[in-house]
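The values are calculated or read from the model by the stated rules, or taken from the named source; none is laboratory data. Predicted model only: the values in this text are computed from it and were never measured. Every residue, glycine as well, gets a Cβ built from its backbone with ideal geometry; the counts of neighbours run over all protein chains shown.
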Amino acid sequence: MLLGRSLPLNVQALICSYLPRRAQTALWRAARPSAGLFVSTTVSLSSTTPLFADPVPTSTTLRLAEEARIASHSVFEDDDPEYENVPLSRLDNPPVPRSPDDSLLSLLRAGQWGEAATLLHELRDVSHQSIPPRYDFATFALAAERDIAAHTTDRTWLEWWKLAPCVTDRTHDEVINLRGADMRMATQAERIVKRILEAPDLAVEAGAADASIDWQLLEDFAAVLSQQGHARTVAAHILPTFACYGSPAAFERIFRTALASVADLKDRYTPEGAYLYYEPALGASVKERWDEMVEQHPADPAGRQAQVSLMRHWWAGRCERELKELIYARSRAVTTFLRLGKLDAAVDLVLALPDVQRISPSTRIDVAKPSYLELLGTLAQYGWFETFEQVYQSFLDGGRRLIRIDNPGPAMRWPFYVRSSRYKTGQPLYSAREAFTSFRYQTTVTSIEEGPMATQEQALSMGSDSPVEEAEDSVGNQRSETILRLVEEDRFEESAAAVAQYVLLDTSLPSANALATWIDYARSLAANSREAADVLAAVEEQACGRLLQRTFWYNAEMLSSLRAERYYEVLRLYLQAFDVTALPRAARYAIWSRVQHRIYSHWRTRSRLVPQAYTVAVLMQALVGFIEKEAAGSSRAFVEDAGQLIEAIYIGLKDPNQISMVAPKRATATATSDLDAPVPLVPHNPYTFIPFLLYRWHKELPPLCVLAILSDMQKLGIRPEAPHYSIVLNSFAKLGDSPSVERPNTARRGSADLLYLLSVFDPETFPLEPSVVQAASPAVVSFARTVPPPATPLPVHTYTGIIAGLRLRSERATIVKVVKQLAERRMEDVQQWAREDERFREELRSLKGAIEPVEKRW
């Protein structure tokens, strides 16, 4: 560069304009002795950024040279297209040696993915060269979306991600803000995790035969993220997925790897690098002190030391947040395993706490208080005293104890509070036997609120099929029949006396369906009779005066309003009586934004009930109906927003960590004699998913979207009922076969998928044949394997909807095939349907003699 000073000034200015400019801070400018040009020692024509420290010409000669260069728009005297397609790096004279990371990044920036992968193999595997880590490799790993979205076996993107630096590594000079680069890399990791989880759905839409989450890939990616210092991303986005759908053993491996990584990297961080020369993004007061210090001591190294202190403070806070996120993920996993019926996995997470504590001795690793309470209550419910004793001892060793609750409101859910062992109280330290007895008694009392005939009332009130007869509580069944008979005979005084008597009882309560029928009857009389209104108010006050009957009464009131399509009233009743925070975030937002109240503290301060699964099922019916009613007749954008809200509510309901309710099988699990075979604590009633099935069906979404809900129910341990199968089959009958790669199906033709699903859901009527399997789309076959067949034969409403949907698509041959198969296998049922069901009879008449041989047999 010294030889270049003999060149004319205009040539010197032209060369300097192509040199890279180094960034400067206020501290550097204050310490600079005089203004001038800063010339880098690295010369490369590949940079087009001017080098001037202050972009002001220092002389007239430089200004004229700059104007001449801008006017010519060219380095050469004449434009020559010879070098237009040649990279600037090849024009370096003399050639500048490139580092391995620069060579790889140049190929990636040019979009030459194959050449970059080959060069990576030669550098790392053949010549064993060290490749300096760069944050740009994470960006290009995210850009390799096709490797993830297509769900292929190519994992090249993971190799690029491994080349990204750890947060404690010495950063490249291009990194001017370590915190910004670290945050950007975490965001990129979250997007990749999201795409891995969405890959099966994309593969199914593309017609893949078998698609599932690549758990091994997700675990490998979690290990890489932990080594790079992104344990918080692992805890927030990967561990919950493994807790819900993956293996408990894999969850424990990932958790221990992430925890060990945080403990290992905690003391390895050293604030250094180019980012120290840049001002931090601080608050107004801190930034004022920073600027004042720079002005008073321009050449004092205290400014750099202050920045080092700030970076150390940032690092300490970052490590603390990662540890808190990991501990929270473990507590959520305990709750998730409990609600999904994986009781052994939840117990193992708690009993393994001493071993986990040795990984990070300086940090206390424990489970949250609500998770401990739910685990102890569940173990007491199943009668597992030995396991309860082990968990309770681990609970005491963690420095905690149980305090009995005296307030009857909170005591409805759990009999104890969790406090520190140093908590001052007059209560004694309860033994394992005393705690076990208290939890078991409280669970038995709580299960009374659900009442008998749960399956019957759900099917009768929310489904179109006949309920399944059960004889679990003959006294409760008789009382329900008594109420319905008195209402039918218009005997109000006697029915009111019966309801008042039954509501006072702690056992053998009538069904919510029968009580809702009586409430409708009483309200119709109360509109014209003051005496009937007083009786209804007295019975309601009597029912709501006791905590054990309040849930039962509000369930019936909500069901009564739901029948009359008074959706707002259902939401108001839920907000008045039940805990809104037990619902997912999207559901809470939907309720609070639609039920406005001036005194919000009124809802927050009163004692709110823990909702039952049946309560949430009724609420979802009303909430989805209310949102659809609002969107009817509105603009297209409003309809799309309503659809996104409904889908967000459904996604939240699938997450066991976002819900908190009394499971519908508590009473069954408590009363069972075989305590070694627990019933899964599914947090949902099967009819909770009915409104979402109907929404996707009414919106004519692809039939695979409707079938996917049944697959989600199976993952949660919930067995679908007859209405669920009916909606899925009606969707395939109305919309035709699902599209695939070989069969785009833009005109909604074909019924091969429908015939295959009939063979799976009703194999006695429609035997499964190899030709039917070959004709069905691979995606439908893949989904159908995850859905269990119905426990009972499909009812008349299912086949009525199938015939109607096929008739809309003019699939006459398929209709005849279905009806003939029904007549051969279920002739008695078809004859009964033709006599009793008018809609089924009308659908058969629309065929106009096409099934005449079948009609003669009726």
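With Glu159, Glu219, Glu252, Glu198 as the choices, which residue is part of a helix (DSSP H, G or I), at pLDDT 90 or above and over 16 Å from Leu323 (Cα atoms)?
Glu219
Kindly provide the set of residues from segment 333-348 that are modelled with pLDDT of 90 or more and within 22 Å of the chain's Cα centre (by Cα), ordered by number.
Ala333, Val334, Ala345, Ala346
Mind listing whichever residues of segment 703-752 are at pLDDT 85 or above, acidic (Asp, Glu) and over 29 Å from the mean Cα position of the chain (by Cα)?
Those that are at pLDDT 85 or above, acidic (Asp, Glu) and over 29 Å from the mean Cα position of the chain (by Cα): none in segment 703-752.
Tell me, which residue of segment 539-555 that is at pLDDT below 85 and of a type in the set (S, T, N, Q) is surrounded by the fewest Cβ atoms within 10 Å (Cβ to Cβ)?
Gln542
Select from segment 333-385 the residues that are more than 30 Å from Lys266 (Cα to Cα) and of a type in the set (Gly, Ala, Ser) and list them in ascending order.
Those that are more than 30 Å from Lys266 (Cα to Cα) and of a type in the set (Gly, Ala, Ser): Gly341, Gly377, Ala380, Gly383.
Between a residue in segment 414-436 that is within 14 Å of Leu396 (Cβ to Cβ) and any residue that is part of a loop (DSSP other than H, G, I, E, B), which pairs come within a Cβ distance under 7 Å, given they are 6 or more apart or on different chains?
Phe416/Ile405; Ser420/Gly399; Ser421/Gly399
Within the group Ala637, Ala617, Ala613, which residue is under 25 Å from Asp520 (Cα atoms), of a type in the set (Gly, Ala, Ser) and at pLDDT below 85?
It is Ala613.
For Gln393, are the conditions met, namely being in contact (Cβ under 8 Å) with a residue 40 or more places away in the chain, more than 30 Å from Ala316 (Cβ to Cβ) and in a helix (DSSP H, G or I)?
No: the conditions fail for Gln393.
Here is a check on your reading of the model: is Ala164 over 13 Å from Gln228 (Cα atoms), at pLDDT 80 or above, within 31 Å of the chain's Cα centre (by Cα) and of a type in the set (A, V, I, L, M)?
no
For segment 774-801, give me each residue that is within 33 Å of the chain's Cα centre (by Cα) and surrounded by fewer than 17 Cβ atoms within 10 Å (Cβ to Cβ).
Within segment 774-801, Arg785, Thr786, Pro788, Pro789, Ala791, Thr792 meet the criteria.
Does segment 416-434 include one or more residues that are among the hydroxyl-bearing types (Ser, Thr, Tyr) and within 16 Å of Glu252 (Cβ to Cβ)?
So far as segment 416-434 goes, no, none of its residues is among the hydroxyl-bearing types (Ser, Thr, Tyr) and within 16 Å of Glu252 (Cβ to Cβ).
Collect the residues in segment 372-409 that are loosely packed, with under 13 Cβ neighbours inside 10 Å and at pLDDT below 85, keeping them in residue-number order.
Within segment 372-409, Asp406, Asn407, Pro408, Gly409 qualify.
Suppose the filter is of a type in the set (Ser, Thr, Tyr), over 22 Å from Leu694 (Cα atoms) and at pLDDT 85 or above; does Ser759 pass it?
Spelling it out, Ser759 is indeed of a type in the set (Ser, Thr, Tyr), over 22 Å from Leu694 (Cα atoms) and at pLDDT 85 or above.
Quick one: is Glu457 at pLDDT below 85 and surrounded by 20 or more Cβ atoms within 10 Å (Cβ to Cβ)?
Against the criterion (at pLDDT below 85 and surrounded by 20 or more Cβ atoms within 10 Å (Cβ to Cβ)), Glu457 qualifies.
Please find, within segment 556-578, the residue that is surrounded by the fewest Cβ atoms within 10 Å (Cβ to Cβ) out of those that are in contact with a Ser or Thr (Cβ under 8 Å, 6 or more places away or on another chain) and of a type in the set (D, E, K, R).
In this case the residue turns out to be Arg563.
Kindly indicate which of Asp520, Asp473 is acidic (Asp, Glu), modelled with pLDDT of 80 or more and under 42 Å from the mean Cα position of the chain (by Cα).
The match here is Asp520.
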